[in-house]
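The values are calculated or read from the model by the stated rules, or taken from the named source; none is laboratory data. Please read these numbers as outputs of a predicted model, since none were measured by experiment. Ideal geometry is used to build each Cβ from the backbone, glycine not excepted, and the neighbour counts take in all protein chains shown. The protein model used for the area step is the full one, side chains on, heavy atoms only, and it has no ligands, DNA or RNA in it. Shrake-Rupley method; radii C 1.70, N 1.55, O 1.52, S 1.80 Å.
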Amino acid sequence: MTSAPSPAPGPAAGPTAPLAALKDAVRQHIVGKTADLTGLSRRIHGHPETAFAEHRAAAWCAGLLREHGFAVTAPAHGLDTAFVATAGSGPVTVALACEYDALPDLGHACGHNLIAAAGVGAALGLAAYASELGLTVRVVGTPAEERGAGKALLLDAGAFDGVDAAMMVHPCPFEMSDFRSFALGTLSVSYTGRTAHPSLNPHEGRNAADALTVAQVALGLLRQQLPPQWRVHGVTTSAGSAPNAIPDRATAEYEIRAEAAGDLCELRERVEACFRAGALATGCEVTLERPEPDYLDFRGDPALIALWAANARVLGRPEPVERGPFACTDMGNVSHVVPSIHPVLDISGGACGPHEPEFAEAAVSPAAEQALLDGAVGLAWTAADFAYGRRGGAPGA
C-alpha cells in the first residue's frame, strides 16, 4: 500500500502558504498513523456487529481517540454504542461521522470499517493542529446506519448541535464528490386473522396470508402509476407454518424510497392503502408501524463539495462520476440541518458493489486501505480549508 502523495499547490489564489504547510503537516501526521488506522479497520471488519450492537467497534474507535488526547463520552446521547470525542477549542466546529455497523449475514459488505477508520484518522490529523487551524474537532460515533437511523436519533438528541460542518466518506465501486441519496421510509406490516381447518371449517377462518397476498398484488399494480424515481420493495417475514391450518398471522417488512423527503408522505399513503385493502378484502385486521425514523435525502453543501473535489484531485483520486440517487443514508438527516459532505471512494473498480459478499472482501483490500488514508487526508484537508475560509483566509492545498 502506498501512502498519500505529497500535496501540490491548490487552485485557489491568495496567500495560501501558511495553510499549505499546515495541510502538509496534517497529512504527515495521518500517514504516520497508518498502522493504527488499518489495524482499526481490520479489527472492525473481522468482528462485524449489527445495528445497535457495535460495542467492540465503538470502544475501539473511542479508545484510539482517547489515547491521542480526545475527551470521550461513551455511551452518548442515550445510545449504548454511540460516542462523542472532542479535541481543540477553536471557533469553528467540524464533526466527523464514524459509522461501524455491519450487515446481517454479510458482515462489512458496505465497508463501514473503512468509514470509521477514515473518520478517526482525519480527526487525529486535525486535532494535532487544531489551535493553528482554529478548530474544534468533534467525532461522532454513529451506530445503526444500515437499520435504525442512528444519526437521526443522535441529531434529535443534540449530537450535532453547534456544528459548522459535518463530514464522512463512504466506500463504493466508483468515485463521487457530489453524492446524492434517496429519502427512505420503513414499514412493518402485521395482519391478524382467525385460524381454522382448511378442510373441516374453512369458512370460519380469516386468512392473514391471503390478506398479505392481496396487498402485494395491489402494490404490483400500483407500481404502474408511480413516478420512475419512487421505489417500493419488501419481504414477507411470516405467513403461516403448516398447510393444514389457515394462518391467523402474517407479517412483512417494506421500504419506500423517493428522491425528496417530501414525496415520502404521498408514497406512504398510497402504499399503506394497499395494505389496508388486504385487510378489507379478507376480513383481517392490519397494524402498520414505522420501526425507525425516516432517512432524509442527502443534500451536499456546494462549497464543501468544491473543497473536497479539489483536495481529492490533489490526492490523485479517480475522476468523479455524476449520477442520480442510488442509495439511502441517515447522513441525509444531518445534511438537512448542518452543511455536509458524503463523498464516495472507489475500492473495487466496479467489480462489485455494497451489500454484495464480494464487497466485504474488497473492504480489506490494498485499494480499500489506500482509500482509507486518502479519505482521512481528504476530510482533514477539507476541514482545514473550511476553517481557514471561515477565518477570512483563502483556502488552498
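Okay, here's what the table says:
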item	result
The range 151-164 residues that are under 13 Å from Glu292 (Cβ atoms) and open to solvent by less than 30 Å² (accessible area, probe 1.4 Å), paired with ones that are aromatic (Phe, Trp, Tyr) and modelled with pLDDT under 95 (beta carbon under 8 Å, 6 or more apart)	none
Boolean, Glu292 is open to solvent by 60 Å² or more (accessible area, probe 1.4 Å), modelled with pLDDT of 95 or more, within 25 Å of Leu212 (Cα to Cα) and in contact with a strand residue (DSSP E or B) (Cβ under 6 Å, 6 or more places away or on another chain)	no
Count of residues meeting criterion [touching a Ser or Thr at 6+ places or on another chain (Cβ under 7 Å), in a loop (DSSP other than H, G, I, E, B) and not charged (D, E, K, R)] in the range 289-318	3
Helices (runs of 4 or more DSSP H) within the range 45-163 that include 3 or more residues touching a Phe, Trp or Tyr at 6+ places or on another chain (Cβ under 7 Å) and at positive phi	none
Filtered residue count, the range 1-52, keeping only those that are of a type in the set (S, T, N, Q) and either at pLDDT below 50 or open to solvent by 50 Å² or more (accessible area, probe 1.4 Å) (or both)	6
Check on Arg257, outside any helix (DSSP H, G or I), in contact with a Ser or Thr (Cβ under 6 Å, 6 or more places away or on another chain) and in contact (Cβ under 8 Å) with a residue 24 or more places away in the chain	no
Count of the range 165-206 residues which are of a type in the set (Gly, Ala, Ser), surrounded by 17 or more Cβ atoms within 10 Å (Cβ to Cβ) and over 21 Å from Ala82 (Cα atoms)	8
Pairs with Cβ under 8 Å, 6+ apart, first in the range 279-307 and closer than 14 Å to Ser188 by Cβ, second open to solvent by 40 Å² or more (accessible area, probe 1.4 Å) and of a type in the set (S, T, N, Q)	Val286/Thr192; Thr287/Thr192
Single match in Val337, Val321 (criterion: open to solvent by 30 Å² or more (accessible area, probe 1.4 Å), of a type in the set (A, V, I, L, M, F, W, C), in a loop (DSSP other than H, G, I, E, B) and more than 30 Å from Ala367 (Cβ to Cβ))	Val337
Cross-chain or 6+ apart pairs with Cβ under 8 Å, the range 100-129 first and under 23 Å from Leu79 (Cα atoms), then crowded, with 24+ Cβ neighbours inside 10 Å and modelled with pLDDT under 95	none
Candidate set: the range 73-112, residues that are open to solvent by 20 Å² or more (accessible area, probe 1.4 Å) and among the acidic types (Asp, Glu); chosen: the one nearest to Val334 (Cα to Cα)	Asp80
